[in-house]
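Data block below; observations after.
The values are calculated or read from the model by the stated rules, or taken from the named source; none is laboratory data. Bear in mind the structure is a predicted one, so any value in this text is a computation, not a measurement. Cβ coordinates were reconstructed from backbone atoms using ideal geometry, including for glycine residues, and neighbour counts include every protein chain displayed. The area values use the complete protein model at the heavy-atom level, side chains included, leaving out ligands, DNA and RNA. Shrake-Rupley method; radii C 1.70, N 1.55, O 1.52, S 1.80 Å.
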Amino acid sequence: SSPSSLMSHRHSALDELDSKSNGAWTDTQTATQTVSSGEPDAYVESLDYTQEEEAKVVRILDTRLFPWILLTTFVLNMDRTNHSNAISDNLPADLGFTINTVNTGTAIYGVAFSIFCFSGAVMAKIVGPARWIPILMFAWGLVTMAHALIKDKAGYLTVRVFIAITEGGVIPATLIYLGGFYKGTELSTRLGWFWGVQAIASAVSGLMASGLLQLRGRSGLEGWKWLFLVDGIITIVVAVIIWFYLPKNVASTKGGLRGFKPWFTPRQVQIAVTRVIRDDLSKREYEKRVTRGDFIDAATDLGLWGHLLLSNVTLTPTNPLGTYLPTVIKSFHFNVFVSNALTAPPYVLQCIFMVIVIRHSDKVRERGFHGAFGSAWQLVGWILLRTMPDKASRGVKYFGAVVVASWPYNHPLNIGWMSENTGSVGKRTVASGAVIFAANIYQVWASQIYQADDAPLFKRGNSINIAFAGFATIMWVVQKYYYRRLNRKNGRAYAALTEEAKTQEDREAEKKGNRSLTFRFM
């Protein structure tokens, strides 16, 4: 079902534009950077082009732009995963504290990361995402290397704050950037790959750690310090490359490392801009500032609150999993080097399963059951780990860890679902910041699930994870049927209007966003 008007015969303007604009699959305002940056004539309302011409434009974006975006998120998650690898190499003991201090650091990281997610979107508007992304990368590369200078608890907590500040803004900036090049329906699978590559980065980080941790003692440094140093150097090198490669918009693809010739012809530039605006008419208002009304509209949207709760509940069990997976595998009587290498297979599987589920979700245009499937998978994994006998072989225990760690990550589904059901640009901007905040602030309480007195099997912690995963599974279904009820309610209300009132409602549909009776929720 297309998110077009409930009464399609009355919405000729929306039908002409294929009416997929009621919600784009992105967790940003998805505005066209091209229109707002020196190419006012690029959007041609009456422009005609073939599917082959449009496909060629998308193919250029997919081969010359998107791989570099994947590289940035790959480096980001590689740097975020190295923390769990370092913990398995006795980082707490080396610095004179227990995993409870690690939990405190994770909570502080979550708060700082969430706050600076907002700054990422704001600075991307001011500086431009093509510049802000590499600036952040360079900064967190330096902070990653600074882990090698840590001597005690205070130094550890300080560095974790700064790593959160520098990493926090890159995801919203990146998603704003992608929204300027892709249509909402095109972003579905690409966002799946965006988070899928993060899983691959976690796998590569584990494999790197299995080797780099063996450098313990070289130059008087612990193995985990070598890990942070190497990761930081890689990040800085990539940041410099990205600075000279990412184009500001489709009209600025010539020069730097991009080559001496532009990627697009003048006609292709027009196609690239026009097709994105046609996909979502609200993108014409990209320069419009967020108003007080947008904040009120978002704050009073029950559906948005459902998505924020979904983020909190669904992601809570992923925090102890992501922080302590190498440590948990190590408790199965594998050495530290093997345990880090063994984190790779489940992360690779997670990437594969996640992309499959998201692609199928986009194909059948359904979100709730697909998200519930991912959370139910995770629930089964936590039950396996919780009920597994203490005397089970390490192979069986590792199988349980693989099941829970390879679950089809459904956070991209929640973000896309929220965005396509939001409506206006202003409200979508507020909603995007809120959901990114919700998708990180959960670390405050999630970081306390695994405690030192519950190690190494974390039976109590896994019981808590079971509760969260079970509740998340139910929440996905509840959210689906909430939207279904709204569609029926709006359909009946619209049908009861007079012809004059229907015409007025049609005219105000874009202004009202998802408050309009003509809006169809996904």
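Details
- Residues that are open to solvent by 40 Å² or more (accessible area, probe 1.4 Å) and in contact (Cβ under 8 Å) with a residue 12 or more places away in the chain were ranked within the range 453-465; the one that is nearest to the chain's Cα centre (by Cα) is Ile464.
- Only one of the listed residues (Pro389, Pro346) is farther than 30 Å from Phe118 by Cβ, surrounded by 23 or more Cβ atoms within 10 Å (Cβ to Cβ) and either over 20 Å from the mean Cα position of the chain (by Cα) or modelled with pLDDT of 90 or more (or both). That residue is Pro346.
- Against the numbered list (1) open to solvent by less than 40 Å² (accessible area, probe 1.4 Å); (2) within 15 Å of the chain's Cα centre (by Cα), Tyr409 comes up short only at (1).
- When residues of the range 68-99 are limited to those that are β-branched (Val, Ile, Thr) and either open to solvent by 20 Å² or more (accessible area, probe 1.4 Å) or under 20 Å from the mean Cα position of the chain (by Cα) (or both), the one farthest from Thr158 (Cα to Cα): Ile69
- The lone exception for Val58 - which of (1) closer than 30 Å to Val230 by Cα; (2) modelled with pLDDT of 90 or more it fails: (1)
- Remark: pairs (first residue in the range 379-393, of a type in the set (Gly, Ala, Ser); second residue surrounded by 22 or more Cβ atoms within 10 Å (Cβ to Cβ); Cβ separation under 7 Å; 6+ apart in sequence or on different chains) = Gly381/Gly400; Gly381/Val404; Gly381/Trp407.
- Taken as a whole, the structure leaves Leu187 outside the set of residues that are in contact (Cβ under 8 Å) with a residue 24 or more places away in the chain, surrounded by fewer than 21 Cβ atoms within 10 Å (Cβ to Cβ) and in a helix (DSSP H, G or I).
- Check on Gln448, touching a helix residue (DSSP H, G or I) at 6+ places or on another chain (Cβ under 8 Å), open to solvent by 40 Å² or more (accessible area, probe 1.4 Å) and polar (S, T, N, Q): yes
- Scope the range 323-333; condition touching a helix residue (DSSP H, G or I) at 6+ places or on another chain (Cβ under 7 Å) and surrounded by fewer than 21 Cβ atoms within 10 Å (Cβ to Cβ); matching residues: Phe332, His333
- Qualifying residue in the range 284-307 (condition: modelled with pLDDT of 90 or more, crowded, with 21+ Cβ neighbours inside 10 Å and either within 30 Å of Gly141 (Cβ to Cβ) or among the β-branched types (Val, Ile, Thr) (or both)): no
- Positions within the range 205-235 being of a type in the set (Gly, Ala, Ser), in a helix (DSSP H, G or I) and over 11 Å from Met78 (Cβ atoms), in sequence order: Ser210, Gly211, Ser219, Gly220, Gly223
- Test: Tyr482 is touching a residue at least 60 places away in the same chain (Cβ under 8 Å), of a type outside the set (A, V, I, L, M, F, W, C) and open to solvent by 30 Å² or more (accessible area, probe 1.4 Å): yes
- Which listed residue, of Phe373, Phe337, is more than 15 Å from Gly196 (Cα to Cα), open to solvent by 10 Å² or more (accessible area, probe 1.4 Å), free of Cβ contacts under 8 Å to residues at least 60 places away in the same chain and in contact with a helix residue (DSSP H, G or I) (Cβ under 7 Å, 6 or more places away or on another chain): Phe373
- Residues in the range 236-257 that are more than 16 Å from Ala173 (Cβ to Cβ) and either in contact with an Asp or Glu (Cβ under 7 Å, 6 or more places away or on another chain) or in a helix (DSSP H, G or I) (or both): Ile236, Val237, Val240, Ile241, Ala251, Gly256, Leu257.
- Subset of the range 218-252 that is polar (S, T, N, Q) and buried (at least 20 other Cβ atoms within 10 Å of the Cβ) - its residue that is nearest to Gly180 (Cα to Cα): Asn249
- Residue that is of a type in the set (Ser, Thr, Tyr) and at pLDDT 90 or above, where the choices are Thr316, Thr327, Thr274, Thr323: Thr316
- Scanning the range 163-184 for residues that are open to solvent by 10 Å² or more (accessible area, probe 1.4 Å) and either in contact (Cβ under 8 Å) with a residue 60 or more places away in the chain or of a type in the set (Lys, Arg) (or both) yields Ile171, Lys183.
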